[in-house]
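Encoded as structure tokens, the structure appears first; notes follow it.
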Amino acid sequence: MHALHQEILAPSGVEFAAWVKLTVNEGVQSNLVVARSNLLRIFEVREEKFLHVRTHRLHGIVTGLEGVKVLGSLEDGRDRLLVGFKDAKIALLEWSDALHDFTTVSIHTYERAPQCLDIRPTFRSLLRVDPNSRCAALLLPQDALAVLPFHQHEELIHPTQGDQMDVDGEGNNRSDIPYFPSYILDLPQSVSSTIHNIIDFVFLPGFHNPTIAVLFNERPTWTGRLEEAKDTCGLIIFSMSNSSSSWGGISSTFTVITNIQNLPYDAYALVPCISGVAGLVILTSNSIVYVDQATKKLMLPVNGWATRVSDIAAVNVSDVAQTRDLALEGSRAAFISETTLLLILARGDAYTITLAMDGKAVSGLSISDKPMVKTTIPSLAMSVTASSPHAGRDVDAHTIPFIFVGSTQGPSVLLKTNMVESEEDDTDREVDNDNDVRAPAGEDDDMYDDDADIYGPSHTSAPDPKREEVRQRDEKRRKLKLQLLLADYLPSYGSINDMAFGLTKNGDKPTPILITATSTYQHGGFTLFQRDLPVKVTKKRMHILGGTKGLWSFALQKKVEKGSGTGHHNGTGNSNGGERDTKDVMMIISTDANPSPGFSRITIPPPSSTTSSTPSIANISNNDITARIQGTSIGAGPFFGGVVVLQVMTGSIRVLETDGTERQVIKDVESSSSSTVSTPRARIRACSISDPYVLILREDDTMGLFIGEVSKGKLRRKDMSMLGGKTSKYLTGCFFTDHTGMLEKNVSSPNPKVDLGQRSSDGLNNQWLLLVRPQGILELWSLPKMTLAFSVAIPFATLENVLMDSGEGVASSMPVPAATTVTSATPSSVPPTAPAMLRSQSQTQDVTMTPVESDAGDAGAAIQNREKPESMNQAKETDGRDTGAIEQVLLAPLGETRPELHLFVLLRSGQLAIYQAIPAPAPPLHSTAVETLHGIEPTSPTIAATPSTPNSRLVHLRIAFVKVLSKTFELQNSNIAGAGNGPGGVGSMGSASGSALADQKKFTRMFLPFVTPNVSSSLTIPQNKQKKGTATYSGVFFTGENPSWIISTDRGGVHLYPSGHAVVHAFTACPVLTSRDPRIGGEFLIYSDEGPTLLEWIPDFGLDFPLPTRSVPRGRAYSSVVFDSSTSLVVAAAVLEARFSSFDEDNNRIWTPDASNISDPTTECSALELISPDLWVSMDGYEFATNEVVNAVACVTLETSSTETGSKEFIAVGTTINRGEDLAAKGATYIFEIVEVVADPMLAPNRWYRLRLRCRDDAKGPVTAVCGLNGYLVSSMGQKIFVRAFDSDERLVGVAFMDVGVYVTSLRTIKNLLLVGDAVKSVSFVAFQEDPYKLVLLAKDKRHLCVITADFFFAENEMTIFTHDEEGILRLYDYNPHDPESGDGRHLLMRSEFNSQAEYRTTALIARRTSTDTVIPQAKLLYGATNGSIATITPVEESAAKRLQLLQGQLTRNIQHVAGLNPRALRLVIYVLLAFYPPTSYSRQLHFCFLYSIVRNDYVSKPLSKGVLDANLLVHFESSSITRQREMTKQIGTEIGIVRRDWMVLDGPW
């Protein structure tokens, strides 16, 4: 069986981060690059807020991020990014403005180094960079460093020194190759033989040469040997000489500066002091140690264990310090000033560590009594220096303005430092002094000088410090106090502990929801994921509105008489009679195809109540329909400032008053000067309305342009000579009002005399026109002067990754030859459009086909079609459409707080592409003088393009469009046999009826922009408190048979979410009036397969991830979660903490704390909670013993006599009872029943349930896994599994057992088949029989592997066993007794191995229905990882798997992957020989062969890596341009359309 591995959710959180300067756009202060596992994200920092720029899923596991300055940084002002990877690689990346993305400068691999032949899973690679960017170092196994030196200009190190030549010894330009050859530094051999077991290393600032401090543990010890070996860590500081006479920038000469021994054995991190203060801080589990190059050691204990596990003396420990009991395991630290260190504990409590100075030397350490703030659970803490993002902020010179705290278990926060004035008494000052740990030194004057360094300048008026000291002793003093404020955060839900599928309701429709138990400590709780964007259904079946072919809603200003006079008023709102006032009203226009030729309604919703003027759409009745019009509406919208309505129909344009009466009607006819008879034009099929402009597009692709005269309140035609006249043809287009100012501020022209018309002074709200010609040329025109400012040539239809301005003039729309035309059916009634966009339908048209336009099925170019028979051409065209032509475009803002301009493109082949507008240089002007071309004056902004004038425009937009999202949809055939053939579908009577039938059955695909109102929502902030936040989204809704919401957030980028409907025919966002209740969310009217429906926006879901996410914070972690389908309730096991004490046989405590700062150890304990998923409140619970922890929870069906069916669902729980180191652990099995009780009428929900304990069965060992099997309970205890019956609903009776392994980690069942996963002996396949009761071993894996999760995986008539181990290796096994390799069926056959590079600890098996058949043909497996990712395994048909496997090879070789990584190497499974070989050249070569083979497996003779496809690699095909897709599919002998269908069938979460 073949399968596809796909990450539907990327790893969550931040493990590594780097502050760099990448983008130089206006307003960008700096850039933040963060990484977790294989996910790399880039953000801009604007106004202290994060804005998403790019996201990449790398083909490698990131182990370090660092910014570096190279010689090229002097030229472009940008930093470069160094990325370290798990498999001993370093990649150097730089930012490209042209691509708006990273490009790879170089990649340096050390896989073949002798130190990397055996990389243990526990090895942690570290990447560090010298503060002056002179070199970088990567930690390798066996105590070695890979050093990468960089070419350096003196200005990067010493800005005051003069310039030097940027040429190396060989005459090469150093900016082209910014680095010297790297080398490997063996520290024990080259620096000191005492260096072993490196814990951490850092570069120290302020040294002339690169200087490294290495923390190591020469003689590892543990708590049981502290009496023999306490202080076993050491620190060595050495420098690397930087001499130009050596072979490179950095020679192999090293000088040891300091060698400090006898440091605490539990030291785990180094924090170098900021330049100006020598030395560094060492973090240990029980203390903080300061050391410098003079071997001074100062220890600040934080609990009573520090002086017991280390012999370093803590000088002057006060009574207050002796009561402090903190634990520093997992804490992180960063300097916020030269003498202040911010220490963040594992629970998020932030303390300040102050360095007391004696001149320039550190004389003592002190810690604050209370935490300053409680923040997130830290994985890293880094200072954001003033030179990085916020150099201009007015802060104290010695204070770092920002601290970034990254977290893998919660939000990563950006903390802003602030100095505020505070008062303190002398008594408080004395307490603070007692907390100090000082070496003997110091006068009082020096102490107060240090205070000025820490807290900033003192606000005093007395110039004499002695007199000021005396005065401060007698009264309260004012000083500056450090304060931390939350500036912004990056959302994260942390690790996934367990997950289960549940049911929720969107209105009346049940919707599956994935319930996951996530994170730990105070961030613990539940995270809910849905496939579709959840919205609240306010009212369904509003058939009185109609709207099968279109819905429009908008706000109008209705005139209200204030005086007695009456008179006509024009479009400006001025009246000729009495005084008038205005009020806001809502109008809804709907249109239907039946009865033919269409029917339209104008509706004004009534007020919601007699006391409120807020309109209520849900209360619409027949009396609210003010007008009924025969005919199909194409578009509608407010006009003349919202005082009238403009309605476009298939043959006319109507200007209506607010009451529905006509003011003006313009019939779309062709008038002739020689004849009084007007000839009807082709019907209008699309329109775009943007006050005061109207654009119509007819079925023959001709265009009409109108403009409103505000003074007259009338509409007139606008001259289109600049566009090429009336004969010019266009496929689609739209108006766009630029509220972002992006276009206006990037307009450039070499001639200042060019007149663009009246523009707004601030560059906002200027109007533009976007058009697409049949050749696939995109044009952007400025209004009102109709000036061509931007154009993209024919490659626009191929959806290239970057769309640049071609610089060409106005393109022509010449008729195409008959041999290259594509004929398609034309409906008699045309679907509608949104007021601000224009769409293209399938119709009879002449389309120029180029080799890049036709893509489905690789139909080929027009020249190829001329040479092939007509029948073959028709077969290739698939349904009669030009599948490469552009069907829909839209230019609209997308975003949250700062909406950005985006371009939306839909091809008829179903490919959707979204582009973001970014600043870019204008195309170069042609050398020929533009003023002399065709006798046109230079003030004319637009000149027709000719072959000799490639750039004949005088106006350019300095922008480019970069692709940010690609999606392929399967579009249904919208053409029905019998449709008319003539232009516009006008033909015989039979053709007309056929055209009407086609119009009723085809789908309307449109991009419709919307804006959600500013609605209050409950958001989770990093301090784990609730606050009221607001979120406003500018998005786009995509209608048709794949309805989707397209939304972009500040921190998550652009995402596309399905709406949950089979088809949406019409959509409109209801306007928000000033009288509207602000508590009500945004409302939307849609006409879907369920009829007209009123929806309301739900603001409680987060949209920063590929799936809509809702966080349910609980303040504690949960290890297990199940969903009980009988009651629709959630049962979860909470993880709590309790003090642990050991007792002897006489029940006496073996050890008790003997000091106030010594406490009992803590241990995990559990509690079972019954939770309502509607309100997420705990209905009931069960607390276990303080030394009992839950291992497994399962909802099982057991036989019982209490029900008519003879079975009932129960909750089974397996636990472990910890009894200390000297006694063996025990366990227990619990059976709970969920029973309904009388609900309290004062509480919600209305139905209430309780947990009832029915049985407890003690075990001699831990019960690690439980499941149900044919009415019996299966549980594990140590090496055995037991099958028990639930006798009389009160006790468990054993019926069968089996010895299976060492430690059972997973139990899964299907019918009477049992799958057992073991931590040592891999997986076993077992059958259960009842007559007699017996467990039969069918087969097992003959290798000893660690299995964390195991599950069944099947498709139609095939079944496969899925396993996953702790190193992230996924394996698929077959059970085939007929295979000779199975040993008569005793052994499972491994068919595939795949390295997923993540530890997955929970799985969920769901049905995958590929058709409407009720039979379940396939299964789909979801599994959650400790890094927060959720992946799926999907069965793949053999024919599709072969094509996609070949495509993977093409993508591996032909795509430029980020950081230059090899996707194939990421998924390799590497086996390391356990035998010992002497260090000879032969053994190393042999070892290398084992390491780098595809799969080293002694049990099979063929590679096993081809059985599982990598979706992270295949997704690049969807985002590639059509030209690139055609090249790759041609190489593998298939067609684009076939590969797309293969991918569309497999893509999707569930």
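The values are calculated or read from the model by the stated rules, or taken from the named source; none is laboratory data. Just so you know, these numbers come straight off a predicted model, no measurement behind them. Here the Cβ is made from the backbone with ideal geometry for all residues, glycine too, and neighbour counts use every protein chain on show. Please note that ligands, DNA and RNA were not included when accessible areas were found on the heavy atoms of the full protein model with its side chains. Shrake-Rupley method; radii C 1.70, N 1.55, O 1.52, S 1.80 Å.
Per-residue answers, yes or no, for (1) assigned to a strand (DSSP E or B); (2) more than 40 Å from the chain's Cα centre (by Cα); (3) surrounded by 16 or more Cβ atoms within 10 Å (Cβ to Cβ); (4) not aliphatic (A, V, I, L, M):
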{"residue": "200", "(1), (2), (3), (4)": "yes, no, yes, yes"}
{"residue": "208", "(1), (2), (3), (4)": "no, yes, no, yes"}
{"residue": "229", "(1), (2), (3), (4)": "no, yes, no, no"}
{"residue": "238", "(1), (2), (3), (4)": "yes, yes, yes, yes"}
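Which one is farthest from residue 625 (Cα to Cα), of the residues in region 528-552 that are of a type in the set (Gly, Ala, Ser) and in contact with an Asp or Glu (Cβ under 8 Å, 6 or more places away or on another chain)? Within region 528-552, the match that is farthest from residue 625 (Cα to Cα) is 547.
Under the condition of being at pLDDT below 95 and of a type in the set (D, E, K, R), which residue from region 21-43 is farthest from the chain's Cα centre (by Cα)? It comes out as 26. Scanning region 65-89 for residues that are open to solvent by less than 20 Å² (accessible area, probe 1.4 Å) and on the phi > 0 side of the Ramachandran plot yields a single hit, 88. Take the residues in region 1214-1231 that are assigned to a strand (DSSP E or B) and not aliphatic (A, V, I, L, M); name whichever of them is most open to solvent (accessible area, probe 1.4 Å). If we take residues in region 1214-1231 being assigned to a strand (DSSP E or B) and not aliphatic (A, V, I, L, M), then 1226 is most open to solvent (accessible area, probe 1.4 Å). Note on region 1241-1292: residues that are assigned to a loop (DSSP other than H, G, I, E, B), within 42 Å of the chain's Cα centre (by Cα) and hydroxyl-bearing (Ser, Thr, Tyr) total 1. Filtering region 33-59 to residues that are of a type in the set (A, V, I, L, M, F, W, C) and either free of Cβ contacts under 8 Å to residues at least 12 places away in the same chain or within 27 Å of residue 529 (Cα to Cα) (or both) leaves 33, 34, 35, 39, 40, 42, 43, 50, 51, 53, 58. Of the residues contained in region 1194-1201, none is found to be under 30 Å from residue 324 (Cβ atoms) and at pLDDT 90 or above.
Selection of strands (runs of 3 or more DSSP E) fully inside region 1096-1213 by the criterion of at least 1 residues being under 30 Å from residue 1053 (Cα atoms) and small (Gly, Ala, Ser) returns 1109-1113, 1117-1124.
Looking across 92, 32, 40, one residue alone is part of a strand (DSSP E or B), in contact with a Ser or Thr (Cβ under 8 Å, 6 or more places away or on another chain) and surrounded by 24 or more Cβ atoms within 10 Å (Cβ to Cβ). It is 40.
Checked against (1) in contact (Cβ under 8 Å) with a residue 60 or more places away in the chain; (2) open to solvent by 10 Å² or more (accessible area, probe 1.4 Å), residue 137 passes all but condition (2). For region 633-661, taking the residues that are of a type in the set (A, V, I, L, M) and touching a Pro at 6+ places or on another chain (Cβ under 7 Å), the one that is surrounded by the fewest Cβ atoms within 10 Å (Cβ to Cβ) is identified as 645. How many of the residues making up region 1-17 are within 18 Å of the chain's Cα centre (by Cα) and at negative phi? Counting residues in region 1-17 that are within 18 Å of the chain's Cα centre (by Cα) and at negative phi gives 11.
Go through region 338-355 residue by residue and tally those that are outside any strand (DSSP E or B) and hydroxyl-bearing (Ser, Thr, Tyr).
Residues flagged as outside any strand (DSSP E or B) and hydroxyl-bearing (Ser, Thr, Tyr) within region 338-355 amount to 1.
In this entry, residue 1398 passes the filter for residues that are open to solvent by less than 20 Å² (accessible area, probe 1.4 Å), in a loop (DSSP other than H, G, I, E, B) and under 23 Å from residue 1548 (Cα atoms).
The set of residues in region 1261-1290 being touching a residue at least 24 places away in the same chain (Cβ under 8 Å), more than 23 Å from residue 1188 (Cβ to Cβ) and of a type in the set (Asp, Glu) consists of 1289 alone. Looking at region 1309-1333 only, could you name the residues that are part of a strand (DSSP E or B), free of Cβ contacts under 8 Å to residues at least 60 places away in the same chain and closer than 14 Å to residue 1276 by Cβ? Of everything in region 1309-1333, those that are part of a strand (DSSP E or B), free of Cβ contacts under 8 Å to residues at least 60 places away in the same chain and closer than 14 Å to residue 1276 by Cβ turn out to be 1309, 1314, 1315, 1316, 1317, 1318, 1324, 1326.
Do you know which of the residues in region 1520-1550 that are in contact with a Lys or Arg (Cβ under 8 Å, 6 or more places away or on another chain) and open to solvent by 40 Å² or more (accessible area, probe 1.4 Å) is nearest to residue 58 (Cα to Cα)?
Among those that are in contact with a Lys or Arg (Cβ under 8 Å, 6 or more places away or on another chain) and open to solvent by 40 Å² or more (accessible area, probe 1.4 Å), it is 1550.
Condition check: over 40 Å from the mean Cα position of the chain (by Cα) and either surrounded by 20 or more Cβ atoms within 10 Å (Cβ to Cβ) or of a type outside the set (A, V, I, L, M, F, W, C) (or both). Does residue 272 satisfy that? For residue 272, the condition - over 40 Å from the mean Cα position of the chain (by Cα) and either surrounded by 20 or more Cβ atoms within 10 Å (Cβ to Cβ) or of a type outside the set (A, V, I, L, M, F, W, C) (or both) - is not met.
Evaluate region 538-561: report whether one residue or more is at pLDDT below 50 and either of a type in the set (S, T, N, Q) or out of contact with any Lys or Arg (no Cβ under 9 Å at 6 or more places or on another chain) (or both). Within region 538-561, not a single residue is at pLDDT below 50 and either of a type in the set (S, T, N, Q) or out of contact with any Lys or Arg (no Cβ under 9 Å at 6 or more places or on another chain) (or both).
Residues in region 588-607 that are free of Cβ contacts under 8 Å to residues at least 60 places away in the same chain and outside any loop (DSSP other than H, G, I, E, B): 589, 592, 599, 600, 601, 602, 603, 607.
So that you can scan it fast, the table gives a plain yes or no per residue for (1) surrounded by 21 or more Cβ atoms within 10 Å (Cβ to Cβ); (2) closer than 30 Å to residue 1252 by Cβ:
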position	(1), (2)
1085	yes, no
1096	no, no
1128	no, yes
1148	no, no
1159	no, no
1173	no, yes
1178	no, yes
